[in-house]
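K.L.:
Here it is, the structure in full.
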Amino acid sequence: MDCIFCKIVEGTIPSKKVFENDHVVAFHDIQPAAPVHMLIIPKKHIAAMNDVAEEDLPLIGEIHQAALQIAREQGVAESGYRLINNCGKDSGQVVFHLHYHLLGGEKLGALNAK
Ligand code: AMP
Ligand code: ZN
């Protein structure tokens, strides 16, 4: 499967990892939109939020748990941060492997910036 994030999980494409456990990986976004910009992904290939099945729900909990740990480690847990999932065309999703952006480290702009 030609999925860039699966390749990051496998290690065939390099990334700056900040978290890894049996099911979840997180790494620096290659084009950061804020001083802290990490991507948190399941190791399992799920194309988008629309494809999250009931059996995947524990995984979503693990992603949130990882996000909180990363926010603390990156020093933004108290100052604040945003966890974003883009799903589908109108959201601007470009990588079709489920991922959550963790953004922080500065006052963030409007949620629906044009
Ligand atoms: P989205 O619009 O939600 O699909 O966002 C995809 C994100 O993946 C963008 O913020 C990209 O900068 C990021 N990205 C794409 N390729 C890589 C890569 N090889 N390593 C890290 N981040 C990447
Ligand atoms: Zn994938």
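K.L.:
Kirkwood hydrodynamic radius for the range 4-104: how many Å is it when counted over pairs of different Cα atoms?
P.N.:
Evaluated over the range 4-104, this radius sits at 13.7 Å.
K.L.:
Ok, one more. On a straight-distance basis, which aspartates and glutamates could pair with K17 in a cross-link, Cα separation under 12 angstrom, same-chain partners fewer than 8 positions away excluded?
P.N.:
D29
K.L.:
Shifting gears a bit: Relative to the longest principal axis of the chain, what angle (0 to 90°, nearest 10) does the C-alpha long axis of helix 57-73 take?
P.N.:
On a 0 to 90 degree scale, this one is about 40.
K.L.:
May I ask for the distance between the Cα centers of the range 1-45 and the range 89-114, given as a whole number of Å?
P.N.:
Value for the Cα centre distance between the two parts: 15 Å.
K.L.:
Continuing with the same structure: To the nearest 20 debye, what is the magnitude of the charge dipole of the range 4-104 about its Cα centre, counting +1 on the Cβ of each Lys and Arg and -1 on the Cβ of each Asp and Glu?
P.N.:
Here the range 4-104 has a charge dipole of around 340 debye.
K.L.:
Quick check: net charge around K43, other residues with Cβ under 11 Å of its Cβ, Lys/Arg +1 and Asp/Glu -1?
P.N.:
-3
K.L.:
Next question, about the same structure. Could you tell me which trypsin sites (Lys or Arg not before Pro) in the range 1-63 are loop residues by DSSP with no more than 14 other beta carbons within 10 angstrom of their beta carbon?
P.N.:
Counting only loop positions with at most 14 other Cβ atoms within 10 Å, the trypsin sites (Lys or Arg not before Pro) in the range 1-63 are K16, K44.
K.L.:
Here is a follow-up. Top mean-square fluctuation among I13, I41, I70, Gaussian network model of the chain, C-alpha springs under 10 Å?
P.N.:
Per the Cα network of the chain with a 10 Å cutoff, I13 tops the list.
K.L.:
Here is a follow-up. Normalised by the number of residues in the chain, what is the relative contact order in percent for Cα pairs under 8 Å and 6+ residues apart?
P.N.:
Value for the chain: 30 percent.
K.L.:
Report, by chain and number, residues whose modeled amide H sits under 5 Å from the one on A47, excluding near sequence neighbours (fewer than 5 apart, same chain).
P.N.:
It is L98, by chain and number.
K.L.:
List M49, M38, M1 from most exposed to least, where exposure is judged by having the fewest other Cβ atoms within 10 Å.
P.N.:
M1, M49, M38
Here, each number is a calculation from the coordinates, and none is a lab measurement. The shown structure was predicted, so the numbers you read here are calculated from the model rather than taken from an experiment. Neighbour counts run over all protein chains shown; Cβ positions are idealised from the backbone, glycine included.
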